[in-house]
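Please treat every number below as a calculation from the coordinates, not as lab data. Every value quoted in this text rests on a predicted model; they were computed, and no experiment measured them. Note that each Cβ is placed from the backbone with ideal geometry, even for glycine, and that neighbours are counted across all protein chains shown.
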Amino acid sequence: MKALIDADILIWHLRGERKAADYLCGLAEDPDIEMWTGAMQRAEVLFFMRPHEEEATMSLLSRIRTAAVDQIVIDEAGRLFRKWNSSHGIDPNDAILAATALTGGGQIHTLNQKHYPMKDVVVIKAW
């Protein structure tokens, strides 16, 4: 099963949150789980990386596959954004990750379940 890890979990791990480290270790130890993140979530991590975090960040990201963003994902993300932005305030990155899950399979692992109100998207609260 594909676990699409939201940027919040990755960032908390890099900032030293023990719960994030334990959560990611648990996913990594499960032989039935493939650890992935979305392209936009990888961008969030890299864009907001602190200078002293570069080595740890690149090490972490080297163990997690990144889902590509293509026309199919963007078209679906646009539909989701238009449907859910006004009522739930989802942002484009959330819409793209949700579209990634819908078009490529997988479950979103996040601390921000409210960012993913779509009924067809499986969302797991990390802790």
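Things worth noting here:
- Close amide H contacts of THR37 (hydrogens built in the peptide plane, cut-off under 5 Å, sequence separation of 5 or more or a different chain): ILE5, ARG65, THR66, ALA67.
- Among ARG65, ARG18, ARG42: highest mean-square fluctuation, GNM of the chain, C-alpha pairs under 10 Å: ARG18
- Shape call, segment 84-127: gyration tensor on alpha carbons, a/c limit 1.5: oblate
- Most fluctuating residue given options PRO92, PRO31, PRO117, as computed from a GNM of the chain linking Cα atoms under 10 Å: PRO31
- At the listed q of 0.13, 0.20, 0.21, 0.23 Å⁻¹, the Debye profile of the chain, built from one uniform point per Cα, gives log10 I(q)/I(0) equal to -0.49, -1.13, -1.23, -1.42.
- Here the spin labels are modelled as points 7 Å beyond Cα on the Cα-Cβ line, and at GLN113 and LYS19 they lie 1.3 nm apart.
- Placing a label point 7 Å from the Cα of ASP32 along the Cα-to-Cβ direction, the residues of segment 83-127 with a backbone N closer than 14 Å are 107.
- Simple point charges give the picture: +1 on the Cβ of Lys and Arg, -1 on the Cβ of Asp and Glu, and for the chain a dipole about the Cα centre of about 340 debye.
- The residues TRP127, TRP36, when put in order of fewest to most other Cβ atoms within 10 Å, stand as TRP127, TRP36.
- Computed helical MRE - 222 nm, the chain, DSSP H runs ≥ 4 contributing -39500 (n - 2.57), nearest 500: -16500 deg cm²/dmol
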